[in-house]
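The values are calculated or read from the model by the stated rules, or taken from the named source; none is laboratory data. Just so it is clear, the structure is predicted and the values come from calculations on it, not from any experiment. Every residue, glycine among them, receives a Cβ derived from its backbone with ideal geometry; neighbour counts consider all protein chains shown. Keep in mind that these areas ignore ligands, DNA and RNA; they rest on the heavy atoms of the full protein, side chains included. Shrake-Rupley method; radii C 1.70, N 1.55, O 1.52, S 1.80 Å.
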Amino acid sequence: MIRVIFFLIGIILILLASYLWKKGDPKVPFWEVLTDFVFDIMSIQLFNLFSSRTWAVLLWLIGFAILIVVVTAQINS
């Protein structure tokens, strides 16, 4: 039951990220946002994390990580 809940949370995060990505600036490519996000986290510049595309990348990373963990746990059990 807990795996189903985590699976649904992962799906919801990915869908929310897709919505935020569409809402953001269409001129900015994915890889630029991803590298800016990684460099902002590494240099602890958290005030730069307020664009919708940056939040979309963060939610995608969290959502896919949750899905990978849930699927791996399901396969191993």
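Data overview
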item: Of all residues making up the range 10-25, the number that are open to solvent by 70 Å² or more (accessible area, probe 1.4 Å) and modelled with pLDDT of 85 or more; result: 6
item: Evaluation of Val28 against (1) in a helix (DSSP H, G or I); (2) β-branched (Val, Ile, Thr); (3) surrounded by 12 or more Cβ atoms within 10 Å (Cβ to Cβ) (one fails), failing number; result: (1)
item: Residues (in a helix (DSSP H, G or I), touching a residue at least 12 places away in the same chain (Cβ under 8 Å) and within 28 Å of Ile5 (Cα to Cα)) located in the range 38-64; result: Ser52, Arg53, Thr54, Trp55, Ala56, Val57, Leu58, Leu59, Trp60, Ile62, Gly63, Phe64
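One line per residue, one yes/no per condition, for (1) within 13 Å of the chain's Cα centre (by Cα); (2) open to solvent by 90 Å² or more (accessible area, probe 1.4 Å):
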| position | (1), (2) |
| --- | --- |
| Leu34 | yes, no |
| Ser43 | no, no |
| Ser51 | no, no |
| Asn76 | no, yes |
